[in-house]
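Structure, as structure tokens:
Just so you know, all these numbers are worked out from the coordinates, no wet-lab data involved. None of the values given here were measured: they were computed from a predicted structure. For neighbour counting, all protein chains shown are included, and Cβ atoms are generated from backbone atoms with ideal geometry for every residue, glycine included.
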Amino acid sequence: MSVSPLIALFPEASFGAALNCVGIAQKLRQMGATPVFICHPGFTGVFAEYGFKEYHLAPTAKRSTDAIEDYWQGFITTHLPHFDLDPMAQLPTYVAPTWQAIVNTVVAAEDGLAALFDRIRPDAILLDNVIMFPAVANAGCPWVRVVSCAETEIPDPDVPPYLSGLPADDRIGRERFEKAYLRETRAAHRRYNAFRKTHGLAQLPAGHFLESSPVLNLLLAPSATRFPRRNPLPEDRFVYLEGCVREETRFDAPHMPVDHARLVYMSFGSLGSIDTDLIGRMIDVFATLPARFLVNVGGFLEAYSRVPDNVYLGSWFPQPSVVAESDLFIHHGGNNSFCEALYHGVPSLVMPYCWDGHDNAQRMDELDLGRHLHRSRWSPDALRSTLVTLLEDTAMRDRLAAVSRGMKAEPGTERAARAVMDALGHR
């Protein structure tokens, strides 16, 4: 292995995983490694913006990059009505189709990904995804699993089922959810296992799409939110991080007529920005409050014709820097947002759509570090009251300040990079 190990980071095609990996790569670079990124179509330039070399997965012969982006936007738009459903009801309507789409992505990417690894010849691969790509396991170098979704992704009898949004002690709900999850994911799982077999990989148990790494597994779950496990994870292969918050550019809040009012930041991620009707309803409520609101609307700025004086819309914000300056963070429960709020000691209003957002919303609420509100079943008065309560809750803010101190004492990005370098024999 070279003095400067070449480490290929391969996040899933989502900004949460992509930017989580940026944070780890920044620290790896500082420690003398050479991090590079494998890019899904549509993510060109995301990593170059932070100074990293990109290797691009070529679109398949049947689909251009634009066609792939249109496909996923259409997929999410089609499923918007399902985001109003509870986690159990989302299993057949959203979770099962999503697993089928994820398996499609793995199959389509395999040949191009294997060719990239043959060309790059990395010393290690960091995989931040919910599914294994056979090319990663067959690349001839160590691979590291990064769990940037909720801790529930790694099962345990005393940890709530992944994607369920259940409390840990709901045994009846757990049994019902687990049976339904296995039933609804069976078709995608069988197809995926058959694909693994053709590439020489062992079959995975029902409901599982990704094995643990035999070398190193990194979990973002901060100590303040971790579940006690009946079966503790082996410390020689599983390293917990205190979140994984990247270094970002400085943020200067735009001028607004209420410049000295409390600052509230809202972002539902690239997924949630599609729901312009919901965001418009929320902006109407924001207009009635004596606070400043920064709202991430992604690529849909033109959808908002009337914007109140105390609201500023943007297509992108340097989120960690914005959260650090905010008094309240409204988000969808994505794990990056979840960890960034805790890292900076900022109360959260979590309004989940799907996937691990349900798990993180439940955990934030039960630990009294934020509040969980259904994404669309609220009245203007209820939303207004919840926001005011969160902004004025000094006891919650004190608890969050203690959590923040603990996370900043050993930043997850540093611990992750150190664990990777140690696993490769570079101390």
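Below are the figures for this structure:
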| item | result |
| --- | --- |
| The range 216-349, relative contact order in percent, only Cα pairs under 8 angstrom and at least six apart counted | 27 percent |
| Dipole of the range 262-409, positive direction: furthest Cα of Leu289, Thr394, Met364, with charges on the beta-carbon | Thr394 |
| Placed amide H near Val144: partners under 5 Å, 5+ positions off or other chain | Ile125, Leu126, Leu127 |
| Relative contact order computed over the chain (Cα-Cα under 8 Å; 6+ residues apart), in percent | 16 percent |
| Other-chain or far-sequence residues with amide H under 5 Å of Ile330's (modelled H) | Tyr265, Met266, Ser267, Leu349 |
| Size of charge dipole - the chain - debye, nearest 20, with Cβ of Lys, Arg +1 and Asp, Glu -1, no other charges | 900 debye |
| Degrees between helix 412-423 axis and first principal axis of the chain (Cα, 0 to 90, nearest 10) | 10 degrees |
| Lys pairs under 26 Å by Cα in the chain, provided they are eight or more residues apart or on distinct chains | 4 |
